[in-house]
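The values are calculated or read from the model by the stated rules, or taken from the named source; none is laboratory data. Keep in mind the model is a prediction, meaning the values are calculated, not measured. Cβ sites come from the backbone with ideal geometry, for glycine too, and all protein chains shown count toward neighbours. Just the protein is used for accessible areas: all its heavy atoms, side chains included, with ligands, DNA and RNA removed. Shrake-Rupley method; radii C 1.70, N 1.55, O 1.52, S 1.80 Å.
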Amino acid sequence: MTHHTGPDPEKIHSMFASIATRYDRTNTVLSAGIHHLWRRKTVRWSDAQPGDRVLDCATGTGDLAIAFHKVTGNATGTDFVPEMIQLAREKSKNVYFEVADVTNLPYDDATFDIASISFGIRNVADPKKGLAEMARVVKKGGRVMVLEFGQPQRRAFGAAYNLYTRHILPRLGGTLTGDRAAYEYLQKSAGRFPCGDDFVALMRASAEFASIEYKALTMGVAYLYRGVRG
Ligand SMILES: C[S@@+](CC[C@H](N)C(=O)[O-])C[C@H]1O[C@@H](n2cnc3c(N)ncnc32)[C@H](O)[C@@H]1O
């Protein structure tokens, strides 16, 4: 799998603008707080060190950028929805947040030690271009970290998870945000987005990496990828 065409960027833009203010609380309820553990794992596996320059793309309300900042003291968060960036700025005064599209990043080549994206790449209209841009702005030896939903591999757990994502998640997400369609989209997009080796193939097609490794988290509900820039 080397080609994946993402969703319509205008629809994605207005969907995230409309749920922005209810986004954090809904995340915590729907994932039972596990998303915080996944983010901490992302920071640990990136091997981030104090002083490293980190760029978090599609940062939303900024949680991953803030988690990186705690370790490096030098993180920037970007998203193409201004409403999200506004909320992120209110959450942290220390992290620098600005509006930017991951498929067209306003930074020079080899600027950052780490570029990250959590639960964002699935929503990017041209994910290959997004990954190429993240790789471009990272220095040689720097890391591109991607955290994204996948499909659980074990059948028994997969069946229970499918029941949750198909029937409970859209209702609960709809009740919490008033936008059920956004959570039907979450379920559908997560269910078909390439994971594991298929996503590695997409990363390889996007840029030159010296190595790409991945880990399945929480039985494959999410996947964490780590590409080292060649
Ligand atoms: C599910 S949210 C994830 C937010 C955050 N990273 C997190 O982990 O909670 C997806 C985010 O991707 C952003 N997004 C989608 N396409 C984008 C693009 N092309 N450039 C920048 N941000 C984008 C949306 O605005 C939204 O804030």
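The simple spin-label model puts a point 7 Å past each Cα toward its Cβ; for Arg204 and Phe157 those points are separated by 2.6 nm. Amide H contacts for Gly142 (H built 1.01 Å from N in the peptide plane; partners 5 or more residues away or on another chain; cut-off under 5 Å): Arg229.
By the Cα gyration tensor, the chain has an equivalent ellipsoid whose semi-axes, rounded to whole angstrom, run 25, 21, 16 from largest to smallest.
Across region 79-163, the convex hull enclosing all Cα atoms gives 145 Å³ per residue. Within region 9-229, antiparallel bridges make up roughly 45 percent of the DSSP beta bridges whose residues both belong there. Packing-based ranking of 171-182, 154-165 yields 171-182, 154-165, ordered from highest to lowest mean Cβ neighbour count within 10 Å. Distance between Cα centroids, region 4-68 to region 190-230: provide it in whole Å. Using only Cα atoms to place each centre, the spacing works out to 17 Å. Heavy-atom surface analysis with a 1.4 Å probe gives the chain a carbon and sulfur content of 52 percent of its accessible area.
The mean accessible area for residues of the chain, using a 1.4 Å probe and ignoring ligands and nucleic acids, is 46 Å² per residue. Taken about its Cα centre, region 9-229 carries a charge dipole of roughly 740 debye when the Cβ of each Lys and Arg holds +1 and the Cβ of each Asp and Glu holds -1.
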